[in-house]
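**Q** One structure follows; several queries about it will come next.
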Ligand SMILES: C[S@@+](CC[C@H](N)C(=O)[O-])C[C@H]1O[C@@H](n2cnc3c(N)ncnc32)[C@H](O)[C@@H]1O
């Protein structure tokens with residue numbers, strides 16, 4: 001997990017992020033998207049419809065033991081699971097984790113990419129699901145917070161050694177790491193954003209990942225109620241179908257967008 005995080009390119013990106021945030025504050029006056037209302041209580045059934053998976057979900061009951069096992073691994077490190085648990089960053093909510101679990105179990109991807117690791121709850125759940133689903137691998141990009149260097153040992157704590165052979169951890173900002181990784185992989189089936197939740201970064205990550213996403217593939221985006229990135233991404237093309245889900249604790253909204261295969265797009269346009 002070693003690597004340089006004081007890359008000069010990352011410093012430039014930080015400045016550009018600051019400017020973008022200032023501009024956004026000036027233009028929007030602090031307004032945030034109102035997608036809490038769109039977060040459907042029935043999102044789990046709708047997620048299965050979205051990807052054409054069976055409902056009730058045959059893989060759902062195996063999620064609880066996987067989640068319990070992840071929290072037990074955290075406890076072995078003396079860590080709990082929750083919000084603002086790694087500096088100001090949250091661990092994955094179980095609702096988001098269930099969505100990732102089902103998507104991996106049903107889509108049986110070869111290549112999954114995520115940004116934002118922290119303790120690695122989402123990584124752990126996707127790795128467990130990958131093991132169940134086939135031979136797929138996970139690549140996780142993460143820039144640990146610079147404000148708590150003494151806690152860097154906690155990065156990926158939820159991922160035990162036994163699951164690491166199909167996991168590649170890449171340290172650094174997504175701006176630096178994501179494009180070369182996608183070029184190397186060629187095509188991915190699932191992308192999960194859970195890194196820097198700014199409009200500029202979310203829009204950029206999603207646009208970049210979308211270009212490498214296979215038809216029928218999905219992007220999962222946490223905390224879409226905290227910036228305009230997902231809204232802007234959604235409006236930018238007619239090849240995406242989305243749904244919004246509420247975290248189990250009711251505090252945050254996440255979203256899933258599926259890349260519609262060309263044939264389905266044509267049908268939708270004709271109807
Ligand atoms: C919300 S936490 C991730 C939680 C994790 N997905 C889980 O399931 O518990 C966000 C993580 O993204 C990292 N991060 C922040 N900015 C980043 C960036 N520009 N690129 C990559 N990672 C970043 C943070 O340091 C933190 O480790």
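Taken together, the values in this text are just the output of simple stated rules run on the coordinates, not laboratory data. Since this is a predicted model, take the numbers as computed values, not measurements. Virtual Cβ from ideal backbone geometry, glycine too; neighbours counted across all protein chains shown.
**Q** Of everything in the range 211-224, what is surrounded by fewer than 23 Cβ atoms within 10 Å (Cβ to Cβ) and more than 13 Å from the chain's Cα centre (by Cα)? Give them in sequence order.
**A** Passing the criteria: 211, 212, 214, 215, 216.
**Q** Does residue 96 satisfy the criteria of being touching a strand residue (DSSP E or B) at 6+ places or on another chain (Cβ under 6 Å) and either near the ligand (Cβ under 7 Å from one of its atoms) or in contact (Cβ under 8 Å) with a residue 24 or more places away in the chain (or both)?
**A** Working: touching a strand residue (DSSP E or B) at 6+ places or on another chain (Cβ under 6 Å): yes; either near the ligand (Cβ under 7 Å from one of its atoms) or in contact (Cβ under 8 Å) with a residue 24 or more places away in the chain (or both): yes.
Yes: the conditions hold for residue 96.
**Q** Only one residue in 65, 8, 58 is under 16 Å from residue 125 (Cβ atoms) and more than 13 Å from the ligand (Cβ to nearest atom), so which one is that?
**A** The match here is 65.
**Q** Taking only pairs six or more apart or across chains, which ones have beta-carbon atoms under 6 Å, a first residue in the range 166-191 that is within 20 Å of residue 124 (Cα to Cα), and a second residue that is part of a helix (DSSP H, G or I) and within 9 Å of the ligand (Cβ to nearest atom)?
**A** Pairs found: 170/177; 174/205.
**Q** Right, next: What do you reckon, is residue 103 touching a helix residue (DSSP H, G or I) at 6+ places or on another chain (Cβ under 6 Å), buried (at least 24 other Cβ atoms within 10 Å of the Cβ) and in a helix (DSSP H, G or I)?
**A** No; evaluated as a whole, the condition is false for this residue.
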